[in-house]
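Encoded as structure tokens, the structure appears first; notes follow it.
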Amino acid sequence: MSHSLRISIAEDEKNSREFFRALLVDLGHQVVSVASSGRELVEHCRLYRPDLVISDVNMPEMDGIGAAQEIYRDRPVPVILISACYEAEVMGRPQTEHILAYLVKPVKQADLEPAIAIAMSRFEHLNVLRKDAHELRQALSDRKVIEQAKGILMRKAHLDEHNAFRRLQKLAREQSRKMVDIAQMIVTAEAALEPRNA
């Protein structure tokens, strides 16, 4: 990794907690919290807002996956799970897309360092995809409103499609507003003027 991360650890065994804390510090990271249960991990993540979570699967009060799901509902954060053995059914549980690496004990520096790099890289990629998906949904929503407003102008002002669109552009320029904002005003105004049944 080229930069230091703020990391929260969750392990129910004290020796393992200290091992991971020391190893992460040696790797140049900052351990912002160390939890001994899943519930404590969730509370720590709300308080410290780490860049990465490293959690054992089997812990008291709430297991690592349950804690990861609750943390993710508050704020997307990448998670590396650690277990004494590979548990296929664990990774088959729903809503585990934020779990970006899985390590089997005993974990060595040679395992953990690349797992952190891969988890962070995958998380950045997922963030780009989420942003792109959001922007696409917004663009489609804006397009729908603009099409509605264009239809209203075509009916009310007796314009063809091209000139209705040009009218929207002109209004947006004159008022220094986004075209979708002007379109929304036209759609809202027409809805307000429509006769309604008492």
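The values are calculated or read from the model by the stated rules, or taken from the named source; none is laboratory data. Values in this document were obtained by computation on a predicted structure and should not be read as measured data. Note that we place each Cβ from the backbone using ideal geometry, even for glycine, and neighbour counts take in every protein chain shown.
Some observations on this one:
- Meets criteria (modelled with pLDDT under 90 and part of a loop (DSSP other than H, G, I, E, B)) for residue 137: no
- Condition met for residue 17 (on the phi < 0 side of the Ramachandran plot, in a helix (DSSP H, G or I) and more than 23 Å from the chain's Cα centre (by Cα)): yes
- Looking across 181, 111, one residue alone is part of a helix (DSSP H, G or I) and either in contact with a strand residue (DSSP E or B) (Cβ under 8 Å, 6 or more places away or on another chain) or in the same structural domain as residue 21 (by TED's automatic domain parsing) (or both). It is 111.
- Close pairs from the range 107-126: first of a type in the set (Lys, Arg), partner crowded, with 17+ Cβ neighbours inside 10 Å, Cβ under 7 Å, at least 6 apart: 122/100
Conditions (1) surrounded by 11 or more Cβ atoms within 10 Å (Cβ to Cβ); (2) under 17 Å from the mean Cα position of the chain (by Cα), marked per residue:
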{"site": "110", "(1), (2)": "no, no"}
{"site": "128", "(1), (2)": "no, yes"}
{"site": "133", "(1), (2)": "no, yes"}
{"site": "140", "(1), (2)": "no, no"}
{"site": "145", "(1), (2)": "yes, no"}
{"site": "151", "(1), (2)": "yes, no"}
{"site": "162", "(1), (2)": "no, no"}
